[in-house]
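To start, the structure under review is shown below, and the notes come after it.
Nothing in this text is a laboratory measurement; each read-out follows from the coordinates by a stated rule. Keep in mind the model is a prediction, meaning the values are calculated, not measured. Note: ideal-geometry Cβ built from the backbone for every residue, glycine included; neighbour counts use all protein chains shown.
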2 protein chains.
Amino acid sequence: MSGWVAIVGLGPGRESLVTPEVRSVLADATDVIGYIPYVKRITPRDGLTLHASDNRVEIDRATHALTLAQSGARVVVVSSGDPGVFAMASAVFEAYEAQPRFADVPITVHPGITAMLAASAALGAPLGHDFCCINLSDNLKPWSVIENRLRMAARGDFAMAFYNPRSKSRPVQFGHALAILREECAPGTLISFARNVSHDDQRLVTVPLSEATEDMADMRTLVIVGNSATRRVGPYLYTPRSAEA
Amino acid sequence: MSGWVAIVGLGPGRESLVTPEVRSVLADATDVIGYIPYVKRITPRDGLTLHASDNRVEIDRATHALTLAQSGARVVVVSSGDPGVFAMASAVFEAYEAQPRFADVPITVHPGITAMLAASAALGAPLGHDFCCINLSDNLKPWSVIENRLRMAARGDFAMAFYNPRSKSRPVQFGHALAILREECAPGTLISFARNVSHDDQRLVTVPLSEATEDMADMRTLVIVGNSATRRVGPYLYTPRSAEA
């Protein structure tokens with residue numbers, strides 16, 4: 001058996017953010033598997049089969065990748081951003097763990113630029129000091145876990161990056177998150193909404209927490225909450241490297 | 001004035017992890033400024049002046065970059081990893097804020113693969129769920145802030161990535177951090193030491209927290225602490241996407 005699974009990150013969207021390593025792995029592949037919009041980013045070529053699937057079938061997709069690799073295919077599972085941050089890498093390892101028949105399939109992970117780093121760069125440097133990265137979706141964890149994490153992150157005076165803040169099927173959770181932040185953080189804490197990061201229609205909005213509303217976020221928004229020292233300077237937003245006791 | 005400052009991330013070391021965007025910015029530069037080992041990674045060419053400086057002179061380096069740009073130079077400030085994660089971006093904005101004469105210098109930030117994402121990929125997917133990113137150096141913040149953040153991160157059951165865990169001038173802090181983690185986390189919590197991530201001599205070691213010792217980390221080590229669900233499967237380490245209340 002010479003097949004393998006490589007889980008790669010395509011970055012947040014701009015093609016110049018795809019690493020040469022990921023390009024090289026894609027050039028070696030016989031099969032590409034992923035969510036429809038990510039597979040659309042792959043240029044078709046002879047000898048490469050593209051398998052696009054809908055959202056929320058991550059374990060099916062992972063099992064498909066492992067099955068193809070076991071029969072000799074060189075399979076690339078594509079994620080946007082980084083594959084290890086709220087993306088396909090954990091799903092592939094879950095499928096691998098659940099099905100011992102895949103024990104001999106080699107798996108590699110190839111990092112990518114995750115949305116929070118692209119958003120932070122576009123804004124300035126709001127994640128330049130200690131920070132937390134939280135998936136606000138309660139599809140795979142109870143809201144109580146998210147609430148506790150928001151409170152602990154705030155009490156640690158961490159900056160925060162939120163993935164999946166809000167979607168059509170989860171319209172109210174982000175409002176709850178804002179309410180928790182208003183209990184835990186000063187009203188002047190800066191919060192940024194970075195929509196379609198690194199795409200041509202990228203949109204950046206920064207407001208004090210007191211002025212943030214839930215409709216500022218949607219599925220395509222990465223949210224960054226500053227720590228107590230995060231501030232604006234000219235057109236930029238940044239967090240200083242130092243902190244006071 | 002047509003000068004500018006671009007702050008770029010060279011990734012953790014492997015050249016195939018440098019983004020095409022960063023290569024393109026470097027191709028446009030007249031000057032490159034940075035810490036000696038990072039400037040060494042830049043290929044010299046006619047028309048490009050390399051300015052390498054020692055560690056811990058970040059504000060001098062940032063001021064130098066802004067000064068050159070103000071007189072028309074196209075200056076790239078190089079960081080390893082991502083420039084916005086414990087690297088030069090915040091230092092440049094600090095210098096920009098402190099010296100109003102630089103108000104008109106355009107500054108851009110170009111993301112890179114930060115060490116924790118490369119380490120996570122090399123290990124499997126230990127950062128596949130909510131996590132915190134903490135700089136353990138107390139050069140720019142009091143130890144009490146770090147201690148509180150470690151406790152809050154543990155009480156939120158976040159996975160954690162530690163930058164700068166230990167150096168010759170700070171030999172004891174990592175031992176203190178381990179003692180705090182032992183108070184807050186189960187002894188079986190998995191902790192990984194990723195040394196020289198993405199370099200040819202990369203070394204990965206994962207042990208239960210109960211077996212971790214301070215000499216497992218040095219200046220070139222990125223430390224990842226799993227959450228309560230992080231586990232091994234075959235040769236991989238990963239954190240499932242779901243969490244229990």
Amide H to amide H under 5 Å from residue A:74: which residues, 5+ apart in sequence or cross-chain, H placed 1.01 Å off N in plane? A:4, A:30, A:31
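Could you give the length gained on full extension between residue B:184 and residue B:15, defined as 0.36 nm per residue of separation minus the Cα-Cα distance, in nm? Before the final figure, lay out the partial values.
Values: separation 169, 0.36 × 169 = 60.84 nm, distance 3.86 nm.
Length gained between residue B:184 and residue B:15: 57.0 nm.
At 10 °C and 1.306 mPa s, grab the translational diffusion coefficient of segment B:116-238 from Stokes-Einstein with a Kirkwood Rh over Cα pairs, rounded to a whole number in µm² per second. The partial results should precede the final answer.
Details: Rh = 14.2 Å.
Rounded to a whole number, D works out at 112 µm²/s.
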Using alpha carbons only, what's the Rg to Rh ratio of segment B:144-200 with Rh from Kirkwood? 0.98
Quote the relative contact order of chain B in percent (integer), defining contacts as alpha-carbon pairs under 8 Å separated by 6+ residues. 20
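Over segment B:116-238, what relative contact order in percent results from Cα pairs under 8 Å that are six or more residues apart?
Values: 225 pairs, mean separation 40.1, N = 123.
In percent, rounded to a whole number, it is 33.
Hey, what does the equivalent ellipsoid look like for segment B:4-113, semi-axes from the Cα gyration tensor as sqrt of 5 times each eigenvalue, largest first, whole Å? Write out the running numbers ahead of the final one.
Working: eigenvalues 79, 45, 32 Å².
The answer is 20, 15, 13 Å, longest axis first.
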Value of relative contact order over segment A:11-105, rounded to a whole percent, pairs C-alpha under 8 Å and six or more apart: 31
Just the number, please: Stokes-Einstein D of the protein assembly as shown in µm²/s, Kirkwood Rh from C-alpha pairs, 20 °C, 1.002 mPa s. 95
Under the Karplus relation 6.51 cos²θ - 1.76 cosθ + 1.60, θ = phi - 60°, what is the ordered set of whole-Hz ³J(HN,Hα) values for segment A:224-235, x standing for Gly and Pro? 10, 9, x, 8, 5, 9, 4, 8, 8, 9, x, x
One decimal, nm, shortest first: give the distances between the label point of residue B:43 and those of the same position in the other copies, each label point 7 Å from Cα along Cα→Cβ. 2.0
Can you list, shortest first and in nm, the gaps between the label point of residue A:228 and those of its counterparts in the other copies, using a point 7 Å from Cα in the C-beta direction? 2.8
Once chain A is represented by equal point scatterers at the alpha-carbon sites, with solvent omitted, what log10 I(q)/I(0) does the Debye formula produce at q = 0.11 Å⁻¹? -0.62
If the cut-off is a Cα-Cα distance under 21 Å, which lysines reach residue A:141, setting aside same-chain residues fewer than 8 apart in sequence? A:168
Output the antiparallel fraction of DSSP beta bridges having both residues in segment A:116-238, as a percent to the nearest 5. 70
Fraction of beta bridges assigned by DSSP in the protein assembly as shown that are antiparallel (%, nearest 5): 45
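What fraction of the DSSP beta bridges in chain B is antiparallel, stated in percent and rounded to the nearest 5?
Of those bridges, close to 40 percent are antiparallel.
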Ordering of A:74-81, B:182-189 by burial proxy (mean other Cβ atoms within 10 Å per residue, highest first): A:74-81, B:182-189
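Assign one of three labels to segment A:1-54, namely rounded, prolate or oblate, based on the Cα gyration tensor with a ≥ b ≥ c the square roots of its eigenvalues; rounded applies when a/c is under 1.5, prolate when it is not and a/b is larger than b/c, and oblate otherwise.
Numbers: a/c = 1.66, a/b = 1.23, b/c = 1.35.
Oblate is the answer for segment A:1-54, as a/c is 1.5 or above yet b/c matches or exceeds a/b.
What is the calculated FRET efficiency for residue B:140 to residue A:139, with r their C-beta to C-beta distance and R₀ = 30 Å, to the nearest 0.05?
Numbers: r = 38 Å, r/R0 = 1.27.
With R0 = 30 Å, the Cβ-Cβ based efficiency is 0.20.
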At q = 0.12, 0.22, 0.23, 0.27 Å⁻¹, what log₁₀ I(q)/I(0) does a Debye calculation on the Cα points of segment A:52-132 give, no solvent, two decimals? -0.43, -1.00, -1.06, -1.35
